[in-house]
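Quick notes on the structure that follows.
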């Protein structure tokens, strides 16, 4: 499988990231182990998690996803086959990007993950109350200690990302090499107008989350009734509008042409985007994982991409993508 670079680092990743937010939430431990094994067996190697996953579940405290991944590393012996990303800053007990919090949070994550290094460490959210140089110097210490290899930014605006990169350059501190924004076939405008130009100028890798729009782009939610009693149902209702249904119709058409699924097509569209390194997607079964992995082998025709672009257009004229 052809790999892609993370920024200017030596890390090489497959063009699909597995989103570990499901581990310990909608996938129990044994199911998670099976999914992870299948993920590696399909030639994929990039797993994304966070210390806060899955604190939103009643009775959870955060760290559940990292704990399951760590147990899988110990049981499978496959740590060396994985590029591992986790995040700091959102967990209520380890909130923010101060130097002291980062130093404590990374050790918490390493302990749960049962590893002595993290390949990609993300600032989960921008922390405007902490100076960039304090945060970046904390990361410098982690890199020098061998605890972290590369740093990334998640949920930053283009303006704030540019500012952080400028501080890194001026101060000789580590720079963000990878960006994790919300982006998918439906949610296009924010990334394409604000963040994509910044990522392009600085050769930053891009690994978007919600690549399937919380499952909407899989085609399994086509009415409000379909969202009832589903873990992500409330997140999907906003997509049930004429534009969303037009996108689903285009996905159905392209999936039929290529004898595949809408989810596979939606991910293949993202993989084909020049600025996208690898979309993040989750699965709660091995069968779903197989459908996601198929996207790395699907080469969409120009007509397919044109149909999807037209269906998902967020303005009558988008001069950046004509």
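Numbers below:
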| quantity | calculated |
| --- | --- |
| Residue-span extension gain [residue 57 to residue 160] - 0.36 nm each, minus C-alpha spacing | 34.0 nm |
| Region 33-128 - convex hull of the alpha-carbon atoms, volume per residue in Å³ | 99 Å³ |
| For the chain, convex hull volume per residue from C-alpha positions, Å³ | 130 Å³ |
| Where N is the number of residues in region 164-322, Cα Rg divided by 2.2 N^0.38 Å | 1.10 |
| Within the chain, helix-based [θ] at 222 nm, where runs of 4 or more DSSP H residues each add -39,500 (n - 2.57), nearest 500 | -11500 deg cm²/dmol |
| For region 197-250, alpha-carbon Rg and Dmax in angstrom | 14.4, 44 |
| 0 to 90° range, to nearest 10: angle between helix 158-171 axis and the chain longest Cα axis | 30 degrees |
| DSSP beta bridges in the chain [antiparallel fraction, %, rounded to 5] | 5 percent |
| Percent RCO, i.e. relative contact order, over the chain, from Cα pairs under 8 Å lying at least 6 residues apart | 18 percent |
| Radius of gyration and Dmax over the Cα atoms of region 80-200, both given in Å | 14.2, 41 |
| Alpha-carbon centroids, region 178-192 and region 14-30: separation in whole Å | 20 Å |
| For region 293-307 and region 154-168, distance of Cα centres in Å | 32 Å |
| Degrees, to the nearest 10: 242-258 long Cα axis against longest axis of the chain | 80 degrees |
| 5 Å binning of all Cα-Cα separations within region 142-235, expressed as whole percents from 0 upward | 3, 12, 20, 17, 14, 11, 9, 8, 4, 2, 1 |
| Kirkwood Rh and Cα Rg combined as Rg over Rh, evaluated for region 266-308 | 1.00 |
| Kirkwood-based shape ratio for region 249-322, expressed as Rg/Rh from alpha carbons | 0.98 |
| Where the Cα pairs of region 160-213 fall when distances are cut into 5 Å bins, in % | 4, 19, 28, 22, 13, 8, 4, 1 |
| Cα-based helix-to-principal-axis angle, 64-76 vs the chain, degrees rounded to 10 | 90 degrees |
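Each value in this text was obtained by applying a stated rule to the coordinates, not by laboratory testing. Note that this is a predicted model, so its numbers are computed, not measured.
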